1. Test of understanding: among VAL54, VAL49, which residue is aliphatic (A, V, I, L, M), more than 30 Å from ASN238 (Cα to Cα), touching a Phe, Trp or Tyr at 6+ places or on another chain (Cβ under 6 Å) and at pLDDT 95 or above?
2. Restricting to the range 343-371, count the residues that are more than 22 Å from ILE270 (Cα to Cα) and without any contact (Cβ under 8 Å) to a residue 24 or more places away in the chain.
3. Take the conditions closer than 17 Å to GLU205 by Cβ, modelled with pLDDT of 95 or more and either open to solvent by 50 Å² or more (accessible area, probe 1.4 Å) or of a type in the set (D, E, K, R) (or both) and apply them to GLU124. Does it pass?
4. Does any residue of the range 64-84 turn out to be open to solvent by 30 Å² or more (accessible area, probe 1.4 Å) and outside any loop (DSSP other than H, G, I, E, B)?
5. Give the residues of the range 36-48 that are farther than 22 Å from LYS353 by Cα and open to solvent by 10 Å² or more (accessible area, probe 1.4 Å), sorted by residue number.
6. Would you check which residues across the range 49-63 are more than 17 Å from LEU356 (Cβ to Cβ), crowded, with 18+ Cβ neighbours inside 10 Å and touching a residue at least 60 places away in the same chain (Cβ under 8 Å) and list them?
7. Which ones in the range 104-140 are in a strand (DSSP E or B), of a type in the set (Ser, Thr, Tyr) and within 21 Å of MET14 (Cβ to Cβ)?
Amino acid sequence: MKNNVTNSDVFQLMEQWAPKELAYDWDNVGLQIGSYHNPVTKVLITLDVMENVVDEAIEKGANLIIAHHPFLFKPIKQVNIDTPQGRVIQKLLENHISVYATHTNLDIAPGGVNDMLTDALELEENDMLVETDREKLYKVAVYVPETHIDEVREAFGESGAGHIGNYSHCTFQSKGQGTFKPLEGSHPFLGAKNELELVNEVKMETIVPKAILHKVINAIVAAHPYEEVAYDVFPLENEGKRYGIGRIGSLKNKTDLNSFCEYVKKALDIPALRVTGDLNKKIQKVAVLGGSGEKYIHHAKKKGADVYITGDMTFHMAQEASLMGLGVIDAGHYIEKIMKQFTAAYLKEHLDKENLTILVSESNTDPFQFV
């Protein structure tokens, strides 16, 4: 990481974890306010961007806020600073604070919000609840002079290309000869201007996920000695990683629904929850989906869940789940606050700690109180 960290550096790292293309098409993820080029020294991680969070960022000197829920979710027609949203925008701009959102892409991504929740609940044998996408794969082939095989191969591997199962740095190489004639204005690594050059080269090829395709190409171009690098990119029909929303797994031991509710409150750090179903029913298989997951009750039932944990469950959908024999725990949307600590830990692990401070917001953005 460079000495001077910019928003773009942080965004790229977040998108290695949770690529923007994983987000639903109705979502608004990525940069919300600010610039890709702004320098950043302090990052504040929050679930929501509300005025108390912005005030906290100002007080602590943070110049980037990373939120799970997008601050600009719907298009705005005006910035009226007499409104709560307009006032927040004014504070952000006046204090040069950028805002970045990682929402449904972080829900879906491996190690994202739903995996955080299943880990907190200590579920075993986890699988996705609903498949949403398949990773697109490409074959990248580059033609390298024999003198620079090791450098380009290392660039492939270190940029994330060539992963097949539990193996990294996978490439295939075939020898051949390349020809070129440097023209006026060129600065050739080999050969003389206006003379045909014949060079012993190696065709090096490997598999690359779409999410890092541009990163890989930039890496091999930087490692390659030629002024103009010859490479090919081919789309593949191979099936890549599966991505999905929600998770389903099993408790180590069966328990009754009432005892499990107490366990959920403690594991997810919530004061109360709503539940449907027979509290004496024995349960073991658990589905979980952070946020508003009521439309997936049929998926949870079809996957064999005894109980489904989500938020924002409405009256009639709860009735429908009961009629299906599916217990439902409405733990509230605020359980997604779990992302704050995990996101902070991820950034601290991958960014230069001397140049950047990662803070977890202490502001409460839950609109509900329990009385």
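The values are calculated or read from the model by the stated rules, or taken from the named source; none is laboratory data. If you're wondering where the values come from, they're calculated on a predicted model, not measured in any experiment. Glycine gets a Cβ as well: all are built from the backbone with ideal geometry, and neighbour counts include every protein chain shown. Only protein heavy atoms, including side chains, enter the accessible area calculation; ligands, DNA and RNA are left aside. Shrake-Rupley method; radii C 1.70, N 1.55, O 1.52, S 1.80 Å.
1. VAL49
2. The qualifying residues number 4.
3. no
4. yes
5. ASP48
6. We begin by selecting, within the range 49-63, every residue more than 17 Å from LEU356 (Cβ to Cβ); these are 49-56, 58-59.
Filter once more, so that each one left must be crowded, with 18+ Cβ neighbours inside 10 Å: 49-50, 53-54, 56.
MET50, VAL53, GLU56, listed by residue number.
7. Within the range 104-140, just THR132 meets the criteria.
Matching residues to (1) within 23 Å of LYS91 (Cβ to Cβ); (2) touching a strand residue (DSSP E or B) at 6+ places or on another chain (Cβ under 9 Å):
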| position | (1), (2) |
| --- | --- |
| ASP9 | no, no |
| GLU15 | no, yes |
| ALA23 | no, yes |
| SER35 | yes, yes |
